[in-house]
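A.B. asks: I'd like to ask some things about the structure below.
The values are calculated or read from the model by the stated rules, or taken from the named source; none is laboratory data. Only a predicted model underlies this, so the values are computations on that prediction, with no experimental measurement involved. Positions of Cβ are generated from backbone atoms using ideal geometry, with glycine treated the same way; all protein chains shown enter the neighbour counts.
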Amino acid sequence: MNLFTFNIVEIILLVSLGLFLIIQIIYYFSLYNQLHAHNKTANNGDLIYETELPPISVIISARNESENLQKYLPSVLEQDYPEFEVIVINDGSTDESEDVLSAFEEKYTNLYHTFTPDGARYISSKKLALTLGIKASKHNWLVFTEADCRPASKDWLKLMARNFSPRTDIVLGYSGYEQENGWFQRKVAFSNLFMSMRYLGFALINKTYMGIGRNMAYRKELFFKNKGFSSHLNLQRGDDDLFINQVATPFNTRVETSPGAVIRMEPPYGFKSWKEEKVSYLATSHYYHGMQRYLLGFETTSRLLFLAITIATIAFGIIDKQWVVLGIAILAYILRYIMQVIIVNQTATDFEEKKYYFTLPIFDVTEPLDVLQFKLFRKIRGKADYMKR
């Protein structure tokens, strides 16, 4: 048999394999590599940053977070920044949050706290809390994080503020879980890293479509100019991703990629809590404007098709004893794997995350399958569970 004589099935498989490999290469170098490329440019001194540090208001909404406030709030209050205030909104807590905040106010003169009124209906409690905090803030630049989060360094606010240029309205930063051992924690950390490579990557190519409220900043005037959360008050979530989707333009958003500006957060300690977090974002993604979620869906589809065609091509190569077909399929998979390892691990290193080698092919498959599972769960649950009643 001529090694380079292929039947019609093998030709279709090889052409399809090459096509989806090219699509994957385009996504990895044009989107997923953006964070590393940006961080490299910043480290080389090729980015222009602001030297002035305007006053900042840090906004945190907290519900029954007394332990986390005790543990993490000092790292926010003790930032090395010339002028900033921290406003914590006690969102109907029934634990010792009020006592913790009152005690901290005696120690820290830049801390202020308030509370949400009881009985608010037809509006997300968190959105009400954040709105109250924004209204109470003294300064135009607002930085947002959450009670179970800590800045990776005392320079977090400085690094975010260096992006506050005259034409900038929004600054997005990276947030990652506290690093812990275990299969589940590795899986969760990879999912978070990959999601960040997607939404921050789009922001870096001027196609911002969402933000995460654990580490982002925007102007107070931007909030009121766009009537705050008024367009989605009836949704429980959306105070970060939907709002940024609504107000971002191709030219008003910057991304901070320094490891010193990373926010570390408490990891989910079980599948159920992780599922609730992921499903809540899926519930609001349906309302996103723009083509980004469709482009990401196409990447996921092309990835799964590439893997399926790789397996089919290897099988046909073995069955037909067509070793060239087998070798091409194996080579295509190895090329994509090497590309993944380099781009994913360069980004992981930039954000001081653990690297992925042997687990990468597994998470490459389980990540979209988990998303599919969460989408099915949301569909079964129904839309009403994500509306404010």
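A.B. asks: When the residues of region 347-389 are filtered to those that are assigned to a helix (DSSP H, G or I) and of a type in the set (Gly, Ala, Ser), which remaining residue is modelled with the highest pLDDT?
C.D. replies: As a first pass, look at region 347-389 and keep what is assigned to a helix (DSSP H, G or I): 347-350, 360-381, 383-386.
With of a type in the set (Gly, Ala, Ser) added as a condition, the list becomes 348, 384.
On the way: ALA348: 97, ALA384: 50.
Within region 347-389, the match that is modelled with the highest pLDDT is ALA348.
A.B. asks: Same structure again: Look through region 341-371, keep the residues that are more than 19 Å from the chain's Cα centre (by Cα) and assigned by TED's automatic domain parsing to the domain that holds GLY297, and return whichever of them is surrounded by the most Cβ atoms within 10 Å (Cβ to Cβ).
C.D. replies: VAL341
A.B. asks: Filter region 193-224 down to residues that are part of a helix (DSSP H, G or I) and out of contact with any Phe, Trp or Tyr (no Cβ under 9 Å at 6 or more places or on another chain) and give me whichever is farthest from ARG237 (Cα to Cα). Even if it seems obvious, please write down each step before you answer.
C.D. replies: First, the residues of region 193-224 that are part of a helix (DSSP H, G or I): 193-204, 220-224.
Cutting the leftovers down to out of contact with any Phe, Trp or Tyr (no Cβ under 9 Å at 6 or more places or on another chain) gives us 204, 221-222, 224.
Details: LEU204: 25, GLU221: 22, LEU222: 19, PHE224: 19 Å.
Restricting to residues being part of a helix (DSSP H, G or I) and out of contact with any Phe, Trp or Tyr (no Cβ under 9 Å at 6 or more places or on another chain), the top hit is LEU204.
A.B. asks: I've got another one for you. Among the residues of region 49-81, which ones are surrounded by fewer than 18 Cβ atoms within 10 Å (Cβ to Cβ), out of contact with any helix residue (DSSP H, G or I) (no Cβ under 9 Å at 6 or more places or on another chain) and at pLDDT 95 or above?
C.D. replies: Across region 49-81, the qualifying residues are PRO55, LYS71, GLU78.
A.B. asks: Is it the case that GLN24 is under 29 Å from THR257 (Cα atoms), in the same structural domain as VAL324 (by TED's automatic domain parsing) and of a type outside the set (Ser, Thr, Tyr)? Outline the logic, then answer.
C.D. replies: Details: under 29 Å from THR257 (Cα atoms): yes; in the same structural domain as VAL324 (by TED's automatic domain parsing): yes; of a type outside the set (Ser, Thr, Tyr): yes.
Yes: the conditions hold for GLN24.
A.B. asks: Working only within region 316-340, note down all residues that are surrounded by 15 or more Cβ atoms within 10 Å (Cβ to Cβ) and of a type in the set (Val, Ile, Thr). I'd like the intermediate steps shown before the answer.
C.D. replies: So in region 316-340, the residues surrounded by 15 or more Cβ atoms within 10 Å (Cβ to Cβ) come out as 316-317, 320, 322, 324-326, 328-329, 332-333, 336, 339-340.
Within region 316-340, VAL324, VAL325, ILE328 qualify.
A.B. asks: Take region 266-294 and flag every residue that is of a type in the set (D, E, K, R), touching a residue at least 40 places away in the same chain (Cβ under 8 Å) and assigned to a helix (DSSP H, G or I).
C.D. replies: Applying the first criterion (of a type in the set (D, E, K, R)) to region 266-294 yields 266, 272, 275-278, 293.
Narrowing further to those that are touching a residue at least 40 places away in the same chain (Cβ under 8 Å): 266, 275, 278, 293.
Of everything in region 266-294, those that are of a type in the set (D, E, K, R), touching a residue at least 40 places away in the same chain (Cβ under 8 Å) and assigned to a helix (DSSP H, G or I) turn out to be LYS275, LYS278, ARG293.
A.B. asks: Now a separate question. Quick one: is GLY297 touching a helix residue (DSSP H, G or I) at 6+ places or on another chain (Cβ under 8 Å) and outside any loop (DSSP other than H, G, I, E, B)? Walk me through how you get there before you give the answer.
C.D. replies: Numbers: touching a helix residue (DSSP H, G or I) at 6+ places or on another chain (Cβ under 8 Å): no; outside any loop (DSSP other than H, G, I, E, B): yes.
Criteria not met by GLY297.
A.B. asks: To continue, here is another question. Considering GLY213, GLY290, GLY238, which residue is surrounded by 17 or more Cβ atoms within 10 Å (Cβ to Cβ) and on the phi > 0 side of the Ramachandran plot? Before the answer, list the steps.
C.D. replies: Working: GLY213 fails: on the phi > 0 side of the Ramachandran plot; GLY290 fails: surrounded by 17 or more Cβ atoms within 10 Å (Cβ to Cβ).
It is GLY238.
A.B. asks: Residues that are within 27 Å of the chain's Cα centre (by Cα) and among the hydroxyl-bearing types (Ser, Thr, Tyr): list the helices (runs of 4 or more DSSP H) wholly contained in region 43-151 that include at least 3 such residues. Spell out the reasoning first.
C.D. replies: Working: elements: 66-77, 97-107, 125-136.
Fully inside region 43-151 and qualifying: 66-77.
A.B. asks: Further question: Taking the residues in region 234-248 that are free of Cβ contacts under 8 Å to residues at least 60 places away in the same chain and within 20 Å of LEU204 (Cβ to Cβ) as candidates, determine which candidate is farthest from the chain's Cα centre (by Cα). Explain how you work it out, then say what you get.
C.D. replies: Applying the first criterion (free of Cβ contacts under 8 Å to residues at least 60 places away in the same chain) to region 234-248 yields 241-243, 245-246.
Imposing the further condition that a residue be within 20 Å of LEU204 (Cβ to Cβ) reduces the set to 241, 243, 245-246.
Numbers: ASP241: 9, PHE243: 14, ASN245: 13, GLN246: 17 Å.
Restricting to residues being free of Cβ contacts under 8 Å to residues at least 60 places away in the same chain and within 20 Å of LEU204 (Cβ to Cβ), the top hit is GLN246.
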